[in-house]
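Comments concern the structure below.
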Amino acid sequence: MNDPTPTITPPSKPMTRFVDGQQDSHRLEQYQRHGGYLGFKHALTLTADEVLQQVKDSGLRGRGGAGFPTGLKWSFMPQGDDTPTPKYLIVNADEMEPGAFKDRYLLEQTPHQIIEGLLIGAKAVNADIGYIFIRGDYYLAIERLDEALQQCREHHLIGSNILGSGFNFEIHLHTSAGRYICGEETALINSLEGKRAVPRAKPPFPQVSGLWGKPTIVNNVETYCNLPHILLFGVQWYQSLGRCKDFGTKLFGVSGRVKNPGLWELPMGTPIGEIINEHAQGMCDGYQLKGFLPGGGSTDFLLPEHLDTPMDYDAIGKIRSRMGTGTITILDDKYCPIRLVLNLLKFFAQESCGWCTPCRDGLPWAVSLLEKIERGDGQAADIEQLIDITKFAAPGNTFCALAPGAVEPLQSALRFFLEDFEQHIEKKCCRYRQEHRHD
Amino acid sequence: MNNDNTDHPPTDLTIAVNRPGELTALEQERLTVLLAHCVEPSGVSIDALMCVQQSRGWISDQTLAAIAQFIGVSEAALDSVATFYNLIFRQPVAKVVLHPCNGMSCHLMAGEQVEKAISQCLGIELGQSCRDNQFTLIPLPCLGACDKAPVMIADKILFELIKVEQVPQILNQLITRQANDE
Amino acid sequence: MTKRVNITIDGQDFSVDSSKNLLQTCLELGVDLSYFCWHPSLGSVGSCRQCAVLMFQDKDDQRGRITMACMTPVSDNMIISVTDQKAKDFRATNIEALMTNHPHDCPVCEEGGDCHLQDMTLMSEHINRRFDGDKRTHNNQDLGPLINHEMNRCIGCYRCVRFYRDYCGDDDLNVFGSKNQIYFGRATPGTLESHFSGNLCEVCPTGVFTDKTFSEHYARKWDLQSSPTICQHCSLGCNTYTGSYNNTVRKISNRHHEQINGHFLCDKGRFSYQYADNEQRVTHPIERSKATNQSLAIDSTTAQCQLKQWLTQSDGDIVALGSARASIENNAALVRLVEPYSNAAFYADCSDHQLGLAQQQIQFYQQSRLAPCSLTQVETADCALIIGEDVVNTAPRLALCIRQMVRNLGLAQAAAIGIAPWLDQAVRNVSQRQTSSLFVIATTPSELSDIASASEPMSHQQQRHLLTQIKDYLTDSTASCEPLAVKIAQALATADRPLIISGNSDSDLTNQRLIQDICVLLQSTAQAPLIHYLLPAANSQTLAIMSAPGQGIDSLIKHIRQTPPKLLLILEADLDWLLSTSKAQAIYQQWFEQIEHVVVIDHLMSATAQMADLILPSASGIEQQGCWLNSQGVIQLSSANIASSDDRKPAWLWCLEPHLHDQQEQYQVLLTWCSERFPLLSGIAQCQAQQVCEFKLARQSFRASGRTAINANVDVKEYPPATDPLSNLQYSMEGVAPFRQHNTDSKTASGAYIWQPKWNSGQAINKKLDNECGSALSCSIFPGPALETSSDNCVVARPAVQSKEFELVAQQQFYASNELSHYCPALEQLIEGASVQLNQRCADLLAWQPGYCCTITSGEHRLTLPCHIDPQYPSRTLGVDEQSYKTLGDINNHSLSAGQLVMHPPQGEQK
């Protein structure tokens, strides 16, 4: 195995520096040329508690959308000789959030980074078995991960007595059979058990009783990708990268009618306007920014007046939305907002697992109302009903976060784009359809 | 076990096509490997279904019963799982399944027009297969490539930045690929 | 004693048990809180969201947050509100969401009037459905002759699969699809396989699953005439409500009994009620002239006189045959009739062998201070040995308890990490497939083998060997014993609550004694085990007490052959059933020639009844009040549901002195006599006394309709309702309704039907303000402490030593082994047929080929039966259905040589 020893300058874009557009940039050689697996090797010299402490100190928050402090999440896993085994560590690579495309990038371009992150996590919590739960249609990513795991096995980075350290950890790649709900960590666990992907009630938390009843932790792909660098370059460096209270970098993306839709690794706390206007190079000619979803289809709309807001969990939270996945979807002024919300609600209604009432029966109800309004058959009372449904499916009222997420774009659209709703109802048609030839 | 056809033993493909209630040797081998590493048999349900679907394109009632029996779960239990997941097909599908993305980012980029173009080109509606059994049209939401919208997945390829004019060419490309594979 | 905590609900303070969830706590306090997916036996899963309440952090919190009561444990100083507008709005919207797909077909839905969804909808105050989109619809499945399927009504509470799949362990019903198109049914249409499928009708809160047999003769719940009854189809004595209308039985529902059946019944008990109305029932006395062989219906008085005359003429030379499917009173009356005569005898309607075993077991209870445990106690065991009894078929409700019992290991593990037992999914996740130890040993394979630590079919001899080894090991743990024996012995010895279950339908005395020795050993050296001993029929235990040692049907036949009596009195027994049709034929011929007068008292026109000189119509179990002694040793009173019509009377009324006109007085006299004559049954008088109270209680609801119109086709005037001299239950609505009984200081804890204000469906059980179960109409006869020791003077036939090649065993069947099930048209296609079970090796030895039948010859009897290969069957063993077994074998003769078995193609089959 090549062993690059020269000192490496702490990078400003730790997660994407491996990717240079070349054919083999996802392979082990390239990864190691940039210091790959050095973080893990360093972790092997520490105790589990020390590794865990570093992760806690770094202030890393989960990148799946919820933003829960990673170190804290890991500390709930019971340790000690009489805790049940095996312990499981799982990568949630079931990215299916509308508007999200960041995990695909990491899975296809930096599979080794994920594996290294998983290994570090395993060391921190004394896990025995790892799963990468990847959606079945990410074909290229599956191929590359398979190859990456094979390479790792050949280089004794996975399996028993890793690198002679006495540490054992096996990783399995599991492809899912579809359904958005598999992205919910407890539903994912059920899916791994060969069952219907219905979420579980918490408590008990997966750390206590998860996969096959054993202690389990599930984290997002991007979360794991932060770990090798935290271990290699240290907590101070990591904390210096953010532009706000949150630390490290984040993959931010923009999709929609912008000149340069794409994905960029930027410091946490980068203002939204900067991402949209500089990196995505602003709106396409002939289009104006009407609003945007800051972090995927299950976040509340924001308006141009919010462009100054830094992209971090708390700042976005304060303006009544969520950073979510950090991939921004642009609503331009030529696309009917109701049509967009309808598309989203249809998605969520279709992806409901069918377990609890507000999601299973409430979301299709909202779809039915939105369809009526969108095609011009709506009534004023329909808006009242829609508002009722958004309250009905509020967080805490449902079994999991799918329905509360589903009504976030709806409730914010009702708040910000009420005029459009009213126009549809009064005029009995969609002006966007007429004016801009939607069809 | 009697093998009364010594001249032309049935190939895996023949069995898969003509005897839906029978698993091929290769399928059985693959399922055995899955079972060897499982915590308990019901745990391989989804993997077993996907594995057999790889060779058959879809899972019929008889095939489902055969898989259930092989891995040791009841038919109802296996079908309960099979009917939950959208990538497990319990109705016949054509040689290539077209998955244009109907997520919000793709629709914002006129993705609906791509869907309509495919529909018109093949003369089928969403969920249907065309008469020559070449394509089935099943849109899927959010394929995770929103910056390249509109996109489509078919035959394990991700088609990006699709323009309506490109649809016939893409379809031809897929037909050629299929012919080469056979 | 669980901890108590203080909680505040809508400003009121309560001290409550901390082990229950908030929903159950609220219901038991009398709060009307709606719910769907929670069930007291299935626990909480939190899927329906209907039980939402508002929880406040502290006294200053004005806002509160919505929480699901079923998933919330009660904690000290908890403050919640049920009536806060936010919570009410939420619950109303939840119902409105459920209603978006509901067909609103109440007028044509069987569930209407007995529907939990109706109740909860009204309770939520949702009345204006705003949704005007399309409703999703489903295709229904034919699920067999017992259960209807109407999926459009489904509200997705998942209770059906949680009960059927998780609680009962059956695997042909599941949930399919997802989102708002979820479907509950089978993979392919077909009869539901579970022995407990009938409970779906009560578990389903809407009309998706309803009672198909009830649909054939439907009546609304408010119109039904109900009474608290005891199931008469096995020895467990589950509690039921019988519902009838216009004097025909319409359906059986579960009657909650904390200690016995809980919330569930088996299908055998639920659906075997049509015998009471079957076309062939006896309605009038029939006398047959021996000379002309003509039968003639006669009136009651003539019949009574005829009986009296023959009694006098017989001069004490009387033989009587009692019945385990008749009540204690009826059997007692028969004993009382024959006792005064020295040359008279009373026999039980089971084999001498079985009777002896049952009697010996009773002696064991008395000597050992070990009393049989309740079914609830069965569920608390942490290690169980079931030996010598096919409980799945002979005591299905107990088998279901065993399925819950094996979960105790997982429940303990869950408790250790702070998971409450009612958090059902969480407990199952922690438990995975781990189970408490269960060992199942019988001569035939068991359907409990999927949850057993070890399950092996073994011959009686092999069982004897195993039991001896277990006993040896318990006596001396250094003894060299086989691994299975060691495993079982160790498990029982180290358990906190060991349980041993056996019975007398498939055992012999040696084995029974060995089991008892093991019980005693455990009692003295480790933990006294819970024990339960099963009997074949509802009142088998009563017959064991009333009969002289070992005086069963074999002795009866012998007696009659040696000294034919002048008069033979048969109570509700069918020799075709008891001996098998072919064996009975020879007997009938003899009796016809040798006995002067044969009198049969029965409600079924059985083969035996048909050969009687005089048939006296007895009331069926539903048409009379009667007491039943179950396998646990509890005497329970079953109330009459319909006043018997025509000339049918309880057997004891035929048997007693006609000069005592007052029925009530006659009954009292009989009970007193029975209590004195059989001290063990003295509780029977107590049972009767317990139901006396100041007020009349109603069998009909206050909304029962049509009373004046129902006989309008016969007469213009209204007929008075029938009277019930033996109980304080009225055959009308003129009495105290069951939900008001606790106000009347009535000692009858169980009313005639279950209902609470705002709760029309069976879910009202969870709203009972007093938690007394229906145990008041009962008393236990084995209280525990030893009574006077008596020498073991029971007589049990000693089985001959077998030395032939193949063993013949009786394979119990769920419906076919129950006599009364054969008289129910609804069960016709479910009654299992006669057949032979054997494993492949055995089949090969006998040169069996697929499709072949087996002709078995034993003595002068020969049967040809279809064959089924069962890989679980032990070697060299052939299992035949019970009736075939009675034809071909018995305890002394159950071994066959190869020459007695011939495999051949079925006769007359087209090739």
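Bear in mind that the values in this text are calculations on the coordinates, not laboratory data. Note that the structure is predicted; figures quoted are calculated from it, not measured. FYI the Cβ positions are ideal-geometry reconstructions off the backbone, even for glycines, and counts take in every protein chain you see.
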**Fill in**
Averaging 1/r across every pair of distinct alpha carbons in the stretch B:96-181 and inverting yields a Kirkwood hydrodynamic radius, in angstrom, of 12.6
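How high is the relative contact order of the stretch A:12-104, given as a whole-number percent (alpha carbon pairs under 8 Å, six or more residues apart)? Don't jump to the answer; show the numbers that get you there.
On the way: 39 pairs, mean separation 11.2, N = 93.
Relative contact order of the stretch A:12-104: 12 percent.
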**Message:** Taking θ = phi - 60°, what integer Hz values does the Karplus form 6.51 cos²θ - 1.76 cosθ + 1.60 yield along the stretch C:474-487, in sequence order, with x for Gly and Pro?
**Reply:** 5, 6, 9, 6, 8, 4, 7, 10, 6, x, 5, 4, 5, 4
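Can you give the average number of partner chain beta-carbon atoms within 10 Å of each beta-carbon in peptide B:69-78, as a whole number? Numbers along the way, then the final one.
Numbers: counts 0, 0, 1, 0, 2, 9, 6, 14, 7, 3.
Going residue by residue through B:69-78 and averaging, the value is 4.
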**Prompt:** Given H placed 1.01 Å from N in the peptide plane, which residues other than close sequence neighbours of C:Asp602 have an amide H under 5 Å from its amide H?
**Reply:** C:Glu572, C:Leu616, C:Ser618
**Fill in**
The ³J(HN,Hα) series, computed from each phi in the stretch C:668-685 with the Karplus coefficients 6.51, -1.76 and 1.60 at θ = phi - 60°, rounded to the nearest Hz and given as x for glycine or proline, is 4, 4, 4, 4, 4, 4, 5, 4, 6, 5, 10, x, 4, 9, 4, x, 5, 5
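Residue by residue through C:187-193, how many Cβ atoms from other chains fall within 10 Å of the Cβ on average?
Details: counts 13, 5, 0, 0, 0, 0, 1.
Partner Cβ neighbours, averaged per residue: 3.
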**Request:** For n ≥ 4 DSSP H runs only, could you compute -39500 (n - 2.57) per run for chain C, divide by its residues and tell me the 222 nm figure to the nearest 500?
**Result:** -7500 deg cm²/dmol
**Fill in**
Reduced to Cα centres, the span from the stretch C:105-122 to the stretch C:406-429 in Å works out to 34
**Fill in**
Reduced to Cα centres, the span from the stretch C:611-635 to the stretch C:847-866 in Å works out to 37
**Request:** Search the structure for amide H atoms under 5 Å from the amide H of C:Thr72, placed 1.01 Å from N in the peptide plane, and list their residues when 5 or more places away or on another chain.
**Result:** C:Leu22, C:Leu23
**Item:** Percent antiparallel among DSSP beta bridges (both partners in chain C, rounded to 5)
**Value:** 55
**Complete:** Checking the stretch C:177-257 for GluC sites (Glu not before Pro) in a loop per DSSP with at most 12 other beta-carbon atoms within 10 Å yields C:Glu216
**Request:** Quick one: compute a quarter of the convex hull surface over the Cα atoms of the stretch A:135-220 and quote it in nm².
**Result:** 6.5
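Would you list C:Phe196, A:Phe233 from fewest to most Cβ contacts within 10 Å?
On the way: C:Phe196 25, A:Phe233 21.
So the ranking, lowest neighbour count to highest, is A:Phe233, C:Phe196.
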**Request:** May I ask you to evaluate 6.51 cos²θ - 1.76 cosθ + 1.60, the Karplus curve with θ = phi - 60°, for each residue of the stretch C:204-212 and list the ³J(HN,Hα) values in order in whole Hz, giving x for glycine and proline?
**Result:** 6, x, 10, x, 5, 10, 10, 6, 5
**Item:** Angle between chain C longest axis and helix C:509-525 axis [Cα atoms, degrees, rounded to 10]
**Value:** 40
**Request:** Quick one: which residues, 5 or more positions from A:Lys250 or on another chain, have an amide H under 5 Å from its amide H? H modelled 1.01 Å from N in the peptide plane, none for Pro or chain starts.
**Result:** A:Leu266, A:Met268
**Prompt:** What aspartates and glutamates sit close enough to C:Lys558 to cross-link, taking a C-alpha to C-alpha distance under 13 Å and skipping anything fewer than 8 places away on the same chain?
**Reply:** C:Asp352
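Do any trypsin sites (Lys or Arg not before Pro) in the stretch C:816-893 lie in a DSSP loop with no more than 16 other beta carbon atoms within 10 Å, and if so, which? Walk me through the numbers on the way to the answer.
On the way: sites: C:Arg841, C:Arg862, C:Arg876, C:Lys886; in loops: C:Arg876.
Within the stretch C:816-893, no trypsin sites (Lys or Arg not before Pro) qualify (loop, at most 16 other Cβ atoms within 10 Å).
My understanding is that a pair violates if its Cα-Cα distance is over 31 Å; which of C:Lys20/C:Lys88; C:Lys3/C:Lys251; C:Lys88/C:Lys135; C:Lys717/C:Lys767; C:Lys566/C:Lys804 do that in this structure?
On the way: C:Lys20/C:Lys88 23 Å; C:Lys3/C:Lys251 41 Å; C:Lys88/C:Lys135 25 Å; C:Lys717/C:Lys767 40 Å; C:Lys566/C:Lys804 42 Å.
Those over the limit are C:Lys3/C:Lys251; C:Lys717/C:Lys767; C:Lys566/C:Lys804.
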**Asked** Averaged over peptide C:68-78, how many Cβ atoms belonging to another chain are found within 10 Å of each residue's Cβ?
**Response** 1
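Sort C:His39, C:His102 by Cβ crowding within 10 Å, fewest neighbours at the top.
Working: C:His39 24, C:His102 19.
Starting with the residue having the fewest Cβ neighbours, the order is C:His102, C:His39.
How much of the calculated P(r) for the stretch A:337-436 lies past 15 Å, in percent of all Cα pairs? Present the calculation step by step, with values, prior to reporting the outcome.
On the way: 2786 of 4950 pairs.
The proportion of pairs with Cα distances above 15 Å equals 56 percent.
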**Request:** Choose one of B:Val52, C:Val335, A:Ala201: the residue whose Cα lies farthest towards the positive end of the charge dipole of the protein assembly as shown (beta-carbon charges +1 Lys, Arg; -1 Asp, Glu; about the Cα centre).
**Result:** A:Ala201
**Prompt:** Against the longest principal axis of chain C, how steep is helix C:581-594, in degrees 0 to 90 to the nearest 10, with axes from Cα atoms?
**Reply:** 50
**Request:** Before anything else, pin down the relative contact order of chain C: Cα pairs under 8 Å, at least 6 apart, normalised by residue count, whole percent.
**Result:** 13
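Filter C:Lys179/C:Lys758; A:Lys391/C:Lys59; A:Lys102/A:Lys123; A:Lys346/C:Lys179 down to the pairs with a C-alpha to C-alpha distance above 23 Å, please. Numbers along the way, then the final one.
On the way: C:Lys179/C:Lys758 31 Å; A:Lys391/C:Lys59 25 Å; A:Lys102/A:Lys123 26 Å; A:Lys346/C:Lys179 11 Å.
Flagged as over cut-off: C:Lys179/C:Lys758; A:Lys391/C:Lys59; A:Lys102/A:Lys123.
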**Request:** Just name one of B:Ser80, B:His99, B:Ala65: the one whose Cα is farthest towards the positive end of the charge dipole of the stretch B:58-169 (beta-carbon charges, Lys/Arg +1, Asp/Glu -1).
**Result:** B:His99
**Request:** Measure out, as a whole number of angstrom, how far apart the alpha-carbon centroids of the stretch C:473-528 and the stretch C:292-371 sit.
**Result:** 37
**Request:** Let me have the relative contact order for chain A, percent, based on Cα pairs under 8 Å that are six or more residues apart.
**Result:** 15
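Pull up the DSSP beta bridges for the stretch A:14-240 and report the antiparallel fraction as a percent, rounded to 5.
Values: 2 of 20 bridges.
Of the beta bridges lying entirely in the stretch A:14-240, close to 10 percent run antiparallel.
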**Global form of the stretch A:14-240, assessed from the alpha-carbon gyration tensor, a/c cut-off 1.5** = rounded
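Work out the length of the dipole vector of chain C about its Cα centre, built from +1 on the beta-carbon of each Lys and Arg and -1 on the beta-carbon of each Asp and Glu, and round it to the nearest 20 debye. Don't skip to the answer; put the middle values down first.
Numbers: 69 positive and 95 negative charges, 314 e Å.
I would put it at about 1500 debye.
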**Prompt:** Hey, what angle do you get for helix B:111-122 against the long axis of chain B, alpha-carbon based, 0 to 90 degrees rounded to 10?
**Reply:** 70
**Request:** Rank these for me by crowding, A:Ser75, C:Ser895, going from fewest to most other beta carbons within 10 Å.
**Result:** A:Ser75, C:Ser895
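DSSP loop GluC sites (Glu not before Pro) in the stretch C:233-322 with at most 12 other Cβ atoms within 10 Å of their Cβ, which ones? Spell out each step's value before the answer.
Numbers: sites: C:Glu258, C:Glu279, C:Glu287; in loops: C:Glu258, C:Glu279.
Taking the stretch C:233-322 and a limit of 12 other Cβ atoms within 10 Å, the loop GluC sites (Glu not before Pro) found are C:Glu279.
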